[in-house]
Amino acid sequence: MWKKIIVYAVSILLPLAVGGLSALFTMESMEKFGALNQPPFAPPGEVFPIVWTILFILMGISAAIIFLSGHRDRTGALTVYGLQLVVNFFWSILFFNLEERLLALFWILLLLALVIWMIVRFSHISKTAAYLQIPYLLWLIFTTYLNAGVWYLNR
């Protein structure tokens, strides 16, 4: 039982730490970003940390399910998971700090491809783990729209 608790705790804390570190690195850029033209349906800034926190928790739960499955392909699936987490981290740096909005748009398309690949890999091991990633995929699609809109409106 303790093993499961530790696996879930570490699995949840890891993406939260990645997200927290990313937020820390991009915090200084938020005021400047707020002054940019935003596309229709852009939510207020307060929405983003709430949504990302929920998504990072779901990522962690999903990763724990895969890890604890003991499935022979769990290492490969978790490698894709780790890779998408790294790409996720650097998107924020590209978009907010470096203000490379077009590069960030291509970067988020890479992230979308990795998340789809991760969901497929997870689905072969646990349907539940895969389904827990669907909100993340949907949010990334919306974020891609926002990224494209901000780039286009602020060229």
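The values are calculated or read from the model by the stated rules, or taken from the named source; none is laboratory data. Treat the numbers as computed from the prediction; the structure is a model and nothing was measured. Glycine gets a Cβ as well: all are built from the backbone with ideal geometry, and neighbour counts include every protein chain shown. Surface accessibility is based on the protein's heavy atoms, side chains included, excluding ligands, DNA and RNA. Shrake-Rupley method; radii C 1.70, N 1.55, O 1.52, S 1.80 Å.
Which ones in the stretch 3-23 are among the basic types (Lys, Arg) and at pLDDT 95 or above?
Lys4
It is to be established whether one or more residues within the stretch 84-95 are more than 21 Å from Leu21 (Cα to Cα), surrounded by 19 or more Cβ atoms within 10 Å (Cβ to Cβ) and touching a helix residue (DSSP H, G or I) at 6+ places or on another chain (Cβ under 6 Å).
Among the residues of the stretch 84-95, not one is more than 21 Å from Leu21 (Cα to Cα), surrounded by 19 or more Cβ atoms within 10 Å (Cβ to Cβ) and touching a helix residue (DSSP H, G or I) at 6+ places or on another chain (Cβ under 6 Å), which makes the answer no.
Every residue in the stretch 129-155 that is open to solvent by less than 20 Å² (accessible area, probe 1.4 Å) and among the small types (Gly, Ala, Ser), please.
Result: Ala129, Ala130, Gly149.
Under the condition of being touching a residue at least 40 places away in the same chain (Cβ under 8 Å) and more than 15 Å from the chain's Cα centre (by Cα), which residue from the stretch 100-128 is most open to solvent (accessible area, probe 1.4 Å)?
His124
Could you please find all residues in the stretch 2-26 being more than 13 Å from Phe56 (Cβ to Cβ) and either outside any helix (DSSP H, G or I) or open to solvent by less than 60 Å² (accessible area, probe 1.4 Å) (or both)?
Passing the criteria: Val7, Ala9, Thr26.
Among (1) under 16 Å from the mean Cα position of the chain (by Cα); (2) touching a residue at least 24 places away in the same chain (Cβ under 8 Å), there is one condition Val7 misses while meeting the rest; what is its number?
(1)
Scan (1) within 20 Å of Leu140 (Cα to Cα); (2) open to solvent by 50 Å² or more (accessible area, probe 1.4 Å); (3) in a loop (DSSP other than H, G, I, E, B) for the single condition Ala42 breaks and write down its number.
(2)
Rundown of residues vs (1) modelled with pLDDT under 95; (2) among the charged types (D, E, K, R); (3) under 17 Å from Leu112 (Cβ atoms), yes/no style:
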position	(1), (2), (3)
Phe25	yes, no, no
Glu31	yes, yes, no
Leu36	yes, no, no
Val51	no, no, yes
Gly60	no, no, no
Ser69	no, no, no
Asp73	no, yes, no
Thr79	no, no, no
Phe89	no, no, yes
